[in-house]
Amino acid sequence: MANAPYRGRFAPSPTGPLHFGSLVAALGSYLEAKCHNGTWLVRMEDIDPPREMPGAADAILRTLEAYGFEWDGPVLYQSLRSGLYDAALTKLRNDGLLYPCACTRKEIMDFAMPGVDGPIYPGTCRDGLPPDRVPRAWRVRVDAAEIIFEDAIQGTMRQNLARDIGDFVLKRADGFFAYQLAVVIDDAAQGITHVVRGSDLLDSTPRQIYLQQRLDLPTPSYAHLPVATNIAGEKLSKQTLARPLELAQPVSALWQALDFLGQQPPQALAGENLAELWKWAVAHWHIEHIPKQRAIVAQDASHVSATTKP
Ligand code: GLU
């Protein structure tokens, strides 16, 4: 994909309003796309209704607008794309790579070793369901080939799916599609050449590359940004009470996000208007200035709700 025109994306899950951590991911992906004269798409990853918050998808888009982000083309909603995800499952099934799994979360926890992203599935249902068990989820069979990729920020990454993850779920027991499947289908469907996102997804990337290979889809380039954490080292999120971005303060939040990403914005820029801030940001963006770290404590305590302040 080296010579294809740059196509990047921001893919929020509408589990709550945007906060400083999601602003960092939006900003990093946007500025990388702009610096390559590329296209920047927004995809709403609304395939996990139990975790979603009513109104969050619209609130996210309004916040992006208020902050001056301009996306190309219509927003893609994953909730409308089940047919494509089902077609991919059918292909994997026909290729003998998909199998039904009857294990409950508790059964897995009782037998599994801890892996890099939760318990390593011990393969209980791999060779067929035990008698009298009913299928709950659908898993893809992995192998022990090492998956290696070069991350533009974090460097060379390696993972052995059999050792570190195990066969993973593509369709959940509650009937919803797994993020790992939907993201792979849509990155390909949208022609994404470059994925820029938070390093909390670094350990997911080998699963996504594996699926791309099995589904004959191209592998984009990856750059995983440091994630913003609170002083306890927890990623800013709804669970850790990250404060929603204020619609009225775009310049100061964007200035802080530029600073967080190592771009060294001049102090005076914090007092400028939004147009000036964006002009500076596009002209001075350097991906190589981003700290090569998985996580950084967000300095400004205002990113976190009062209840979690020290
Ligand atoms: N929807 C995912 C999230 O908000 C991000 C997916 C991605 O960038 O690949 O964490």
Between Y77 and D174, what is 0.36 nm times their sequence separation minus the Cα-Cα distance? Round to one decimal in nm. 32.9 nm
With a 10 Å cut-off between alpha carbons and a GNM built on the chain, which of V196, V227, V183 moves the most? V183
Vicinal HN-Hα couplings computed from phi for segment 197-210 (Karplus, 6.51 cos²θ - 1.76 cosθ + 1.60; Hz; Gly/Pro x): 7, x, 6, 5, 9, 4, 6, 7, 4, x, 4, 6, 5, 4
For the table K91/K292; K34/K238; K235/K279; K106/K238, the rows whose alpha-carbon distance is greater than 27 Å are K91/K292; K34/K238; K235/K279
Can you give the Kirkwood hydrodynamic radius for the chain, in Å, rounded to one decimal and based on Cα pairs? 20.6
Cα-only Rg/Rh for segment 150-201 with Kirkwood Rh rounds to 1.01
Project the alpha carbons of segment 71-199 onto their principal axes and report the range along each, largest first, in whole Å. 51, 35, 26
D216 to R163: extension gain in nm, 0.36 nm per residue of separation minus the Cα-Cα distance? 16.7 nm
Taking the Cα centroid of segment 13-69 and of segment 226-249, what is the distance between the two, rounded to the nearest whole Å? 15
In the neighborhood of K279, defined by Cβ-to-Cβ distances under 12 Å, what is the net charge if each Lys or Arg adds +1 and each Asp or Glu adds -1? -1
Could you do me a favour and compute the accessible area per residue for segment 1-95, 1.4 Å probe, result in Å²? 43
Express the carbon and sulfur contribution to the solvent-accessible surface of the chain as a percent, rounded to the nearest whole number, probe 1.4 angstrom. 54
If you take the C-alpha gyration tensor of segment 200-299, multiply each eigenvalue by 5 and take the square root, what semi-axes do you get, largest first, in whole Å? 29, 19, 13
At 7 Å along Cα-to-Cβ for each site, give me the label-to-label distance between K292 and K235 in nm. 2.2
If you fit an axis through the alpha-carbon atoms of helix 82-94 and take the longest principal axis of the Cα set of the chain, what angle between them do you get, 0 to 90°, nearest 10? 40
Dipole of the chain, Cα-centred, from +1 at each Lys and Arg C-beta and -1 at each Asp and Glu C-beta, to the nearest 20 debye? 520
Taking just the C-alpha trace of segment 161-231, give me its Rg and Dmax in Å. 13.1, 42
Which of the listed residues, P135, L201, Q190, is farthest toward the dipole's positive end in the chain, when Lys, Arg count +1 and Asp, Glu count -1 at the beta-carbon? P135
Taking 8 Å as the Cα distance limit and 6 or more residues as the minimum spacing, I'd like the relative contact order of the chain as a percentage. 22
Tilt of helix 56-66 relative to the longest C-alpha principal axis of the chain, in degrees (0 to 90, nearest 10)? 30
When only DSSP loop residues count, what GluC sites (Glu not before Pro) in segment 1-89 have their Cβ near at most 15 other Cβ atoms within 10 Å? E70
Listed residue (N273, S237, S252) projecting farthest to the positive dipole end of segment 218-297, Cβ model: S237
What residue among T15, C35, A57 has its Cα farthest toward the positive end of the dipole of segment 7-67, where the charges are +1 on Lys, Arg and -1 on Asp, Glu, each on the Cβ? C35
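The values are calculated or read from the model by the stated rules, or taken from the named source; none is laboratory data. Bear in mind that the values here come from a model prediction, so they are computed numbers and not experimental data. Here the Cβ is made from the backbone with ideal geometry for all residues, glycine too, and neighbour counts use every protein chain on show. With ligands, DNA and RNA removed, areas are computed over all heavy atoms of the protein, side chains included. Shrake-Rupley method; radii C 1.70, N 1.55, O 1.52, S 1.80 Å.
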